[in-house]
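In what follows, a single structure is set out as structure tokens and then discussed.
The values are calculated or read from the model by the stated rules, or taken from the named source; none is laboratory data. Keep in mind that this is a model prediction, so the values were computed, not measured. Ideal geometry is used to build each Cβ from the backbone, glycine not excepted, and the neighbour counts take in all protein chains shown. Keep in mind that these areas ignore ligands, DNA and RNA; they rest on the heavy atoms of the full protein, side chains included. Shrake-Rupley method; radii C 1.70, N 1.55, O 1.52, S 1.80 Å.
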Amino acid sequence: LGCRADGDPPPSTRCARDGAATRSRGSRAVSRADAGRYLCRATNKHGSAVRSVLVTVECEWPPGAGGC
């Protein structure tokens, strides 16, 4: 899950799932284990902004399968 923010000066961003920082793993398939509440925090010298997103994974299939 990417986290992007604009500002002056440009803010640093951090994405966290259920309070734990997430690692960027590039493009990959998601699974039900990836579901949860994600927080994106953007911070610069003027302050911080936070957004919360609830991610639900409704379908999961093995790699190479046809899909849902």
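List the residue pairs whose Cβ atoms are under 9 Å apart, where the first residue sits in segment 1-29 and is over 19 Å from Leu54 (Cβ atoms) and open to solvent by 100 Å² or more (accessible area, probe 1.4 Å), the second is at pLDDT 90 or above and in a loop (DSSP other than H, G, I, E, B), and the two are 6 or more positions apart or on different chains.
What qualifies is Asp8/His46.
Could you tell me whether segment 34-47 includes any residue that is touching a strand residue (DSSP E or B) at 6+ places or on another chain (Cβ under 9 Å), open to solvent by 60 Å² or more (accessible area, probe 1.4 Å) and either at pLDDT below 90 or of a type in the set (Lys, Arg) (or both)? Steps first, please.
Filtering segment 34-47 for residues touching a strand residue (DSSP E or B) at 6+ places or on another chain (Cβ under 9 Å) gives 34-44.
Next, only the ones that are open to solvent by 60 Å² or more (accessible area, probe 1.4 Å) stay: 37, 39, 41.
With either at pLDDT below 90 or of a type in the set (Lys, Arg) (or both) added as a condition, the list becomes 37, 41.
So far as segment 34-47 goes, yes, one or more of its residues are touching a strand residue (DSSP E or B) at 6+ places or on another chain (Cβ under 9 Å), open to solvent by 60 Å² or more (accessible area, probe 1.4 Å) and either at pLDDT below 90 or of a type in the set (Lys, Arg) (or both).
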